Amino acid sequence: MHTTIKNLLDIETKINKRAKIIAVSKTFQIDKILPLVEHGHNDFGENKVQEAIDKWTELKKKSPKLNLHMIGKLQTNKVKFAVKLFDYIHSVDTEKLARKISDEGTKINKKIKIFIQVNIGNEAQKSGINKNELSNLISLCKSINLDLVGLMCIPPENEDPTNYFKEMDELNKSFALPELSMGMSGDYLKAVHNSSTFIRIGSSIFGNRF
Ligand SMILES: *Cc1c(COP(=O)(O)O)cnc(C)c1O
């Protein structure tokens, strides 16, 4: 059995169907990804639009069941291409970006699912909207008819993420959102214990990135 499949099965056993696994394939070439696709795994994550176009355009035509998740910072000038290729965008954090996604979706009649990224640790260098501006952005997304499914976060590094995950869970519930995108290779079990529904796993499936 291919190691990536073995790794995926190990994680599936640990989380026992409580969340969906996004296999984060950024930086890995398609030959490393194909065994998982052939195994029947459908959710994959990328963080750069051009890399995703190069790797996934043909594959998605052949396998319509694939769900591609944009998990990285998205520039407004790339939104057009992102909306065309991806099924989910996890990194919406400004009104400008939300409006652009809505406009480009309308043009091609595609309703992409979105997450709002929250800067839960209030870190100066991190993407994501601040908690106190979240409610306004959610209202805006609803008013322009975006398919907002949940919140997403990347908690501060080198800290126990538990309290951040708990806070995200509370926020998500307070806005009655059905999905919650949190948890990576190092902390996905804690995320799942706090109601995450999409965990984003790179290195624990594909190995280290260089
Ligand atoms: C790279 C990345 C991941 C996966 O990270 P691992 O620690 O390799 O599992 C998850 N989420 C985001 C936003 C990422 O950029």
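Observations on the structure shown:
- Against the criterion of being assigned to a loop (DSSP other than H, G, I, E, B) and open to solvent by 20 Å² or more (accessible area, probe 1.4 Å), GLN125 qualifies.
- Candidates GLY40, GLY45 - the one that is more than 16 Å from the ligand (Cβ to nearest atom) and either buried (at least 20 other Cβ atoms within 10 Å of the Cβ) or small (Gly, Ala, Ser) (or both): GLY40
- Restricting the stretch 162-204 to residues that are more than 16 Å from the chain's Cα centre (by Cα) and of a type in the set (A, V, I, L, M, F, W, C), the residue that is nearest to ASN136 (Cα to Cα) is PHE175.
- Selection within the stretch 1-33 - in a helix (DSSP H, G or I), open to solvent by 40 Å² or more (accessible area, probe 1.4 Å) and under 18 Å from ASN47 (Cα atoms): ILE30, LYS32
- When residues of the stretch 161-210 are limited to those that are assigned to a helix (DSSP H, G or I) and near the ligand (Cβ under 9 Å from one of its atoms), the one surrounded by the most Cβ atoms within 10 Å (Cβ to Cβ): ILE205
- Residue check, SER102 farther than 24 Å from PRO155 by Cα, in contact with a helix residue (DSSP H, G or I) (Cβ under 9 Å, 6 or more places away or on another chain) and either without any contact (Cβ under 8 Å) to a residue 40 or more places away in the chain or within 16 Å of the ligand (Cβ to nearest atom) (or both): no
The values are calculated or read from the model by the stated rules, or taken from the named source; none is laboratory data. Model, not experiment: these values are computed from the prediction. When we count neighbours, we look across all protein chains shown, and the Cβ atoms used for this are built from the backbone with ideal geometry, even at glycine. Accessible surface is based on the protein model in full, side chains and every heavy atom, while ligands, DNA and RNA are left aside. Shrake-Rupley method; radii C 1.70, N 1.55, O 1.52, S 1.80 Å.
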